[in-house]
Amino acid sequence: MAKILVTGGAGYIGSITRHFLEKHGHSVIVVDNLSRGHREAVPEPILRVLDTRDTDKVEVLLRDEHVEAVIHFAAYIAVGESTQVPEMYFTNNVSGSLSLFEAMLRADVKRLVFSSTAAAYGIPATVPITEDEPYAPINPYGESKVMVEKILEWLDRYREFRSVRLRYFNACGAEPEADLGEEHDPETHLIPLILRAVQTGKPVTVFGDDYATPDGTCIRDYIHVSDLAEAHIYAVEHLLKGGKSNVFNAGTGVGYSVEEVIAAVEHLTGKQVPRVTGPRREGDPPSLVADSRRLQETLGWRPTRSSIERIVSDAWEFARRHSEPRSQS
Ligand code: UDP
């Protein structure tokens, strides 16, 4: 059992991963500046309100707490926002990461799991996508993650700094046991917006129905957040056992269209999802599905909760319990 520092542990995927780490017997410290995360998502005694750009304080914390590995979630994640204020994304996501790595090197903590993204691939030539596809981000958010991935490749080569980069596909759903789920503000993700449409009667917009897919709407690889959280446990335990650096697609290998997700919500709730069809969203590839064999074969991970029925059902239960968004901090 290890002492693990989780940055961004007040966010959606970070808070659920913290829950699973503790469930697996690890001891966790959360670092979060609460700029986007939720204070209530972290047990108070383990929360340190701190920015990863504060290198000195992070170094002291790593030493004082005898941290053995870090899981690094803290980052801005909104693609649209990243096109409006790219500098904010590079400062927070790249400088924040670099500062953390500097602190880790000083404190001699050289094991890291990094939240990367399928946005590193941009618009892929082929699906399912393997990890060997070249980097081709098409927005500052994706670029900021690629920059950090590249820094990690060099640190592995010259500083014996071992990392697992997980390229997330579409994280969704909620973890009922911990009552943790998705609460972004503003919300831009499909499933919470569909559920909100059912709750409020205000239509969700389907971004394009003229793609070259069977029903004309975009296909994505939706991965239950608890399956994704568990991938981090496998990754950090691999590093703690002395495993090598690697990069893995964190997806299920199965794609669903926007219309199929809507149909699953209608089936679950017995209600029609109010919707309108709008134009395509800029930068949306028609289909993004992971080839996740490397993650499954190397670490032994399996997605066990990522059927679309289970995802929308867990997300719906969470949305019903939290129909008023929580405060930001
Ligand atoms: N989408 C949509 N309407 C919305 C939000 C998303 O039709 O209000 C579509 C979007 O075009 C994409 C899919 O839903 O095909 C998933 O989008 P999301 O923003 O949830 O995640 P992304 O794939 O961009 O990471």
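Can you tell me which residue in region 273-282 is farthest from the chain's Cα centre (by Cα), limited to those that are part of a loop (DSSP other than H, G, I, E, B) and loosely packed, with under 12 Cβ neighbours inside 10 Å? The qualifying residue farthest from the chain's Cα centre (by Cα) is Pro279.
Condition first: crowded, with 17+ Cβ neighbours inside 10 Å and closer than 19 Å to Arg39 by Cβ. Now tell me which residues in region 166-192 satisfy that. Spell out the reasoning first.
Taking region 166-192 and keeping what is crowded, with 17+ Cβ neighbours inside 10 Å, we get 166-175, 178, 180-183, 190-192.
Hits for region 166-192 are Ala174, Glu175, Ala178, Leu180, Gly181, Glu182, Glu183.
I'd like the full set of residues that are of a type outside the set (D, E, K, R) and in contact with a Leu (Cβ under 9 Å, 6 or more places away or on another chain), limited to region 148-164.
Applying the first criterion (of a type outside the set (D, E, K, R)) to region 148-164 yields 148, 151-152, 154-155, 158, 161, 163-164.
Within region 148-164, Val148, Ile151, Leu152, Leu155, Phe161, Ser163, Val164 qualify.
For the residues Val109, Val127, the requirement of being aliphatic (A, V, I, L, M), more than 16 Å from the ligand (Cβ to nearest atom), over 20 Å from the mean Cα position of the chain (by Cα) and in a loop (DSSP other than H, G, I, E, B) singles out Val109. Determine whether Val60 is of a type in the set (A, V, I, L, M), surrounded by fewer than 22 Cβ atoms within 10 Å (Cβ to Cβ) and under 25 Å from Arg106 (Cβ atoms). So Val60 passes the test. Every test in (1) free of Cβ contacts under 8 Å to residues at least 60 places away in the same chain; (2) buried (at least 19 other Cβ atoms within 10 Å of the Cβ); (3) out of contact with any Asp or Glu (no Cβ under 7 Å at 6 or more places or on another chain) is passed by Ser82 save one, and that test is (1). Screening Thr304 on (1) within 16 Å of the ligand (Cβ to nearest atom); (2) part of a loop (DSSP other than H, G, I, E, B); (3) β-branched (Val, Ile, Thr) shows it passes everything except condition (1).
So, in region 150-165, of the ones that are surrounded by fewer than 19 Cβ atoms within 10 Å (Cβ to Cβ) and in a helix (DSSP H, G or I), which residue ends up nearest to the ligand (Cβ to nearest atom)? Don't jump to the end; show me each part of the working.
Restricting attention to region 150-165, the residues satisfying the condition of being surrounded by fewer than 19 Cβ atoms within 10 Å (Cβ to Cβ) are 150-151, 153-154, 156-160.
Then drop every residue that is not in a helix (DSSP H, G or I), which leaves 150-151, 153-154, 156-159.
Details: Lys150: 22, Ile151: 23, Glu153: 24, Trp154: 27, Asp156: 27, Arg157: 30, Tyr158: 33, Arg159: 32 Å.
Selected residue: Lys150.
Using the structure shown, decide if Pro176 is of a type outside the set (Lys, Arg) and in contact with an Asp or Glu (Cβ under 7 Å, 6 or more places away or on another chain).
Answer is yes for this residue.
Being under 19 Å from Arg162 (Cβ atoms) and among the β-branched types (Val, Ile, Thr) is a condition met by no residue of region 115-124. Take the residues of region 176-190 that are under 15 Å from the mean Cα position of the chain (by Cα) and of a type in the set (A, V, I, L, M): which is farthest from the ligand (Cβ to nearest atom)? Per the stated criteria, the residue is Leu180. Each residue in region 201-245 was checked for being of a type in the set (Val, Ile, Thr), within 9 Å of the ligand (Cβ to nearest atom) and either outside any loop (DSSP other than H, G, I, E, B) or surrounded by fewer than 16 Cβ atoms within 10 Å (Cβ to Cβ) (or both), and 4 pass.
Candidates in region 255-296 are the residues that are basic (Lys, Arg) and within 10 Å of the ligand (Cβ to nearest atom); of these, the one that is nearest to Gly173 (Cα to Cα) is Arg275. Apart from one condition, Leu195 fits all of (1) surrounded by 19 or more Cβ atoms within 10 Å (Cβ to Cβ); (2) within 12 Å of the ligand (Cβ to nearest atom); (3) not in a helix (DSSP H, G or I); the exception is (3).
No lab work stands behind these numbers, since they all come straight from the coordinates. Note that the structure is a prediction, hence the values are computed from the model and not measured. Methodologically, a virtual Cβ is constructed for each residue, glycine included, from the backbone with ideal geometry; neighbour enumeration extends over all protein chains shown.
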